[in-house]
Amino acid sequence: MSNQKKRNFQIEAFKHRVVVDPKYADKTWKILEHAIHEIYNHNASGLSFEELYRNAYNMVLHKFGEKLYTGLVTTMTSHLKEISKSIEAAQGGSFLEALNRKWNDHNKALQMIRDILMYMDRTYIPSTRKTPVHELGLNLWRDNIIHSSKIQTRLLNTLLELVHRERTGEVIDRGLMRNIIKMLMDLGATVYEEDFEIPFLDVSADFYKGESQEFIECCDCGDYLKKAERRLNEEMDRVGNYLDAGSEKKITNVVEKEMIANHMLRLIHMENSGLVSMLLDDKYGDLGRMYNLFRRVPDGLQKIREVMTSHIRDTGKQLVTDPERLKDPVEFVQRLLDAKDKYDNIINLAFNNDKTFQNALNSSFEYFINLNPRSPEFISLFVDDKLRKGLKGVSEEDVETILDKVMMLFRYLQEKDVFEKYYKQHLAKRLLSGKTVSDDAERSLIVKLKTECGYQFTSKLEGMFTDMKTSQDTMQGFYASQPDLGDGPTLTVQVLTTGSWPTQSSVTCNLPAEMSALCERFRAYYLGTHTGRRLSWQTNMGTADIKAIFGKGQKHELNVSTYQMCVLMLFNNADRLTYKEIEQATEIPASDLKRCLQSMACVKGKNVLRKDPMSKDIGEDDAFFVNDKFSSKFYKVKIGTVVAQKESEPEKQETRQRVEEDRKPQIEAAIVRIMKSRKQLDHNNIITEVTKQLQSRFLANPTEIKKRIESLIERDFLERDNIDRKLYRYLA
């Protein structure tokens with residue numbers, strides 16, 4: 001093949017000229033025009049589409065495309081003018097039906113005409129940039145039918161009237177509406193918008209403006225919201241059935257503006273049924289409806305949040321400042337938990353668990369809980385009550401739930417170190433009296449506190465548990481080493497590490513001789529097995545079980561405090577003792593002794609002593625006797641000490657003072673840490689940084705921070721700048 005010589009072929013034109021019949025174009029067009037008339041008159045079955053296509057093809061081929069195109073426009077226009085007259089003549093409800101029927105006929109005719117003129121559509125029209133046949137047919141329909149002076153306004157009014165009738169509860173032919181709206185869309189988006197959508201939105205705005213005004217005058221907030229929701233759903237359903245999908249946002253915006261945005265504040269503040277009323281009555285359905293509707297309008301949710309926050313803060317402030325409600329700390333905290341549960345449920349069930357609402361709730365609780373300076377103490381007392389007796393018979397899951405709720409309140413506290421102080425005191429009492437319901441629950445709470453605040457916060461609390469376990473082992477060792485201890489008194493000692501337990505003023509009392517001897521034997525044993533330690537007895541924290549026989553021989557076992565035991569043992573050797581004699585013999589501090597005697601002589605059912613004269617208070621001239629007539633249906637009788645559950649004012653001040661003292665080194669440590677990394681910093685920035693660092697434990701007082709800075713300057717940790725006295729430098 002490669003060796004063969006290549007041959008070039010050339011196509012030459014005809015030698016003779018092709019002559020076209022001068023009347024060819026007119027004849028051919030007449031055939032095509034007749035065919036178009038037949039198509040519009042529904043007589044297309046007798047036509048040969050192949051022959052018609054060939055005729056149209058030849059006309060374009062012989063450069064008669066312009067004649068063919070112009071003729072098509074003229075013929076279609078004349079037919080459409082006739083169709084327009086027949087549609088105009090349609091009466092009442094048949095108007096839309098006639099329009100729809102003629103539109104369907106026109107579409108079918110257009111399809112056939114396009115098939116016949118396909119060659120013109122593909123060649124002549126693109127080269128001359130004319131409108132394609134199908135689009136031309138739609139434009140002619142628009143100009144001659146839809147924009148006809150007698151049809152345009154009538155069509156719009158008919159469509160709007162049908163929508164209005166449907167809104168007022170009538171049933172309309174949705175299929176016919178869908179077809180007419182689709183026709184407008186097929187004619188182009190601008191036709192749909194200008195000839196229907198814009199007027200439809202204007203009329204809708206007027207309709208909903210009037211209806212919303214009518215509803216708001218006669219309905220409460222809940223009913224109004226139901227009606228607004230129903231209208232919104234109806235409009236979305238209408239779009240889904242026969243309007244263009246693009247209209248949904250526009251029409252819902254109209255409903256939202258007229259029915260919700262314009263009446264937002266009035267709805268929220270509506271008397272006896274607005275937002276506050278819904279919150280008080282836990283109306284989850286109405287609240288959810290309000291949330292879902294208001295989220296659709298600008299600033300809607302913000303308005304709900306603002307009113308909810310204001311309401312929670314006001315009610316919370318009343319709760320924490322009402323003197324009546326502060327009388328019972330446990331009930332006080334329970335009310336806080338109930339309030340938190342209430343609003344958590346509302347946010348979860350009605351407000352779609354919205355994080356912004358949750359944040360608003362948290363900030364509100366933090367605001368009013370810290371209005372009461374005793375909140376840390378009360379929360380600790382609540383925990384104390386639950387871990388002493390409140391969790392008996394409660395499942396582990398429920399215990400965890402209660403502890404988690406307590407931790408939630410704990411997070412709101414600005415003075416977490418105050419809570420720690422009280423919690424440590426209450427935990428100590430629970431452990432030493434053996435009154436804790438569950439060690440697991442105690443440890444679980446400590447783990448939660450550790451997770452929240454770090455190891456430093458709980459290290460001493462964990463040390464308290466360690467001491468209790470070590471003390472058990474110590475007592476076993478003591479009794480194993482003392483086989484000669486026979487039937488005498490039994491001693492149980494808890495050895496507490498000074499740094500881990502709350503500091504107690506060590507006031508010893510005179511123990512009964514038999515107990516004093518036993519204590520000395522224990523001291524000798526303990527110091528013999530541990531070097532470099534010192535024991536000091538905390539008799540004010542102990543308890544005792546003593547057996548007593550009363551007048552008619554009735555026997556009881558009395559569970560009393562160490563102080564009460566010291567007093568009762570005196571009556572083994574005396575029938576009558578005065579207050580001063582008891583005080584002298586026991587050396588118990590006066591305030592403790594009075595409480596101790598009051599609990600044994602003045603409390604009905606626990607009065608193992610009688611006093612003369614009889615009164616509720618203990619006087620220094622009172623005399624005491626054993627109550628021979630004492631009786632109880634129980635063999636074991638617990639005689640508590642009369643003591644206020646809450647701290648007295650001096651105790652409160654003492655605790656506050658200890659907290660303030662403990663804060664000083666923490667503030668100093670924070671200042672040094674910051675200055676070490678920054679090297680130099682001005683006064684305001686130090687205050688900000690220190691407050692930020694310590695806020696997980698307490699809210700640092702700027703005045704106290706300033707005092708600590710002065711102290712550090714005196715001790716050469718920091719120095720002031722010579723020029724700018726508010727600028728500090730770190731001295732390495």
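The values are calculated or read from the model by the stated rules, or taken from the named source; none is laboratory data. Owing to the predicted nature of the structure, the values given are computational and were not obtained by experimental measurement. Note that we place each Cβ from the backbone using ideal geometry, even for glycine, and neighbour counts take in every protein chain shown. These area figures cover heavy atoms from the full protein model, side chains too; ligands, DNA and RNA do not enter into them. Shrake-Rupley method; radii C 1.70, N 1.55, O 1.52, S 1.80 Å.
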**Message:** What pairs come out if I take residues in the range 415-430 that are outside any helix (DSSP H, G or I) and pair them with residues that are surrounded by 19 or more Cβ atoms within 10 Å (Cβ to Cβ) whose C-beta lies under 8 Å away, six or more apart or interchain?
**Reply:** 415/376; 415/698
**Prompt:** Of all the residues that make up the range 161-173, how many are of a type in the set (Gly, Ala, Ser) and surrounded by 12 or more Cβ atoms within 10 Å (Cβ to Cβ)?
**Reply:** 0
**Message:** Quick check on residue 87: is it open to solvent by less than 50 Å² (accessible area, probe 1.4 Å), within 60 Å of the chain's Cα centre (by Cα) and closer than 25 Å to residue 174 by Cβ?
**Reply:** no
**Request:** Out of the residues in the range 482-502 that are open to solvent by less than 70 Å² (accessible area, probe 1.4 Å) and out of contact with any helix residue (DSSP H, G or I) (no Cβ under 6 Å at 6 or more places or on another chain), state the one that is nearest to residue 458 (Cα to Cα).
**Result:** 499
**Prompt:** Do the conditions hold for residue 120, that is, is it in a helix (DSSP H, G or I), open to solvent by 20 Å² or more (accessible area, probe 1.4 Å) and of a type in the set (A, V, I, L, M, F, W, C)?
**Reply:** no
**Given (1) open to solvent by 70 Å² or more (accessible area, probe 1.4 Å); (2) at pLDDT 85 or above, index of the condition residue 629 fails** = (2)
**Complete:** When residue 282 is run through (1) outside any loop (DSSP other than H, G, I, E, B); (2) open to solvent by 40 Å² or more (accessible area, probe 1.4 Å), the failure sits at (1)
**Asked** When the residues of the range 366-397 are filtered to those that are part of a helix (DSSP H, G or I) and more than 23 Å from residue 424 (Cβ to Cβ), which remaining residue is nearest to the chain's Cα centre (by Cα)?
**Response** 366
**Request:** Scan 520, 514 and give me the residue that is in contact with a helix residue (DSSP H, G or I) (Cβ under 9 Å, 6 or more places away or on another chain), farther than 29 Å from residue 458 by Cβ and open to solvent by 60 Å² or more (accessible area, probe 1.4 Å).
**Result:** 514
**Fill in**
Checked the range 174-188 for anything open to solvent by 40 Å² or more (accessible area, probe 1.4 Å), in contact (Cβ under 8 Å) with a residue 24 or more places away in the chain and within 25 Å of residue 80 (Cβ to Cβ); matches are 178, 179, 185, 186
**Message:** Consider the range 675-694. How many of its residues are among the hydrophobic types (A, V, I, L, M, F, W, C) and either in contact with a Leu (Cβ under 7 Å, 6 or more places away or on another chain) or open to solvent by 70 Å² or more (accessible area, probe 1.4 Å) (or both)?
**Reply:** 1
**Message:** Please go through the range 350-376 and give me each residue that is open to solvent by 10 Å² or more (accessible area, probe 1.4 Å), within 18 Å of residue 699 (Cβ to Cβ) and aliphatic (A, V, I, L, M), ordered by number.
**Reply:** 371
**Message:** On the basis of being within 20 Å of residue 344 (Cα to Cα), without any contact (Cβ under 8 Å) to a residue 60 or more places away in the chain and open to solvent by 20 Å² or more (accessible area, probe 1.4 Å), does residue 379 make the cut?
**Reply:** no
**Complete:** The condition of being touching a residue at least 24 places away in the same chain (Cβ under 8 Å) and of a type in the set (Gly, Ala, Ser) holds, among 93, 71, only for 71
**Asked** Among 488, 477, which is the only one that is of a type in the set (Gly, Ala, Ser) and part of a loop (DSSP other than H, G, I, E, B)?
**Response** 488
**Filter pass, residue 267 being in contact with a Gly (Cβ under 8 Å, 6 or more places away or on another chain), buried (at least 19 other Cβ atoms within 10 Å of the Cβ), within 30 Å of residue 178 (Cβ to Cβ) and not β-branched (Val, Ile, Thr)** = no
**Message:** Pairs needed: first member in the range 572-592, open to solvent by 100 Å² or more (accessible area, probe 1.4 Å); second member anywhere, among the aromatic types (Phe, Trp, Tyr); C-beta distance under 6 Å; at least 6 residues apart or different chains.
**Reply:** 576/625
**Prompt:** Any idea which of 421, 460 is under 18 Å from residue 370 (Cβ atoms), open to solvent by 10 Å² or more (accessible area, probe 1.4 Å) and in contact with a Lys or Arg (Cβ under 8 Å, 6 or more places away or on another chain)?
**Reply:** 421
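Tell me which residues, restricted to the range 288-301, are open to solvent by 80 Å² or more (accessible area, probe 1.4 Å) and either basic (Lys, Arg) or more than 15 Å from residue 255 (Cα to Cα) (or both). Even if it seems obvious, please write down each step before you answer.
First, pick out the residues of the range 288-301 that are open to solvent by 80 Å² or more (accessible area, probe 1.4 Å): 295-296, 298-299.
Within the range 288-301, 295, 296, 299 meet the criteria.
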**Prompt:** Failed condition for residue 717, given (1) in contact with a Ser or Thr (Cβ under 9 Å, 6 or more places away or on another chain); (2) under 19 Å from residue 418 (Cα atoms), with all others met?
**Reply:** (2)
**Asked** Got at least one residue in the range 154-163 being closer than 28 Å to residue 69 by Cβ, touching a residue at least 60 places away in the same chain (Cβ under 8 Å) and of a type in the set (S, T, N, Q)?
**Response** no
**Item:** the range 431-457, residues that are among the hydrophobic types (A, V, I, L, M, F, W, C), open to solvent by 20 Å² or more (accessible area, probe 1.4 Å) and at pLDDT 85 or above
**Value:** 447
**Complete:** For the range 434-449, pairs from a residue that is touching a residue at least 24 places away in the same chain (Cβ under 8 Å) and of a type in the set (Val, Ile, Thr) to a residue that is in a helix (DSSP H, G or I) and open to solvent by less than 40 Å² (accessible area, probe 1.4 Å), with Cβ under 7 Å and 6 or more apart or across chains, are 436/387; 436/430; 436/442; 437/387
**Prompt:** Could you list, in sequence order, the residues of the range 224-264 that are open to solvent by 10 Å² or more (accessible area, probe 1.4 Å) and assigned to a loop (DSSP other than H, G, I, E, B)?
**Reply:** 243, 244, 245, 246
**Prompt:** For residue 546, are the conditions met, namely being open to solvent by less than 60 Å² (accessible area, probe 1.4 Å), in contact with a strand residue (DSSP E or B) (Cβ under 6 Å, 6 or more places away or on another chain) and closer than 26 Å to residue 430 by Cα?
**Reply:** yes
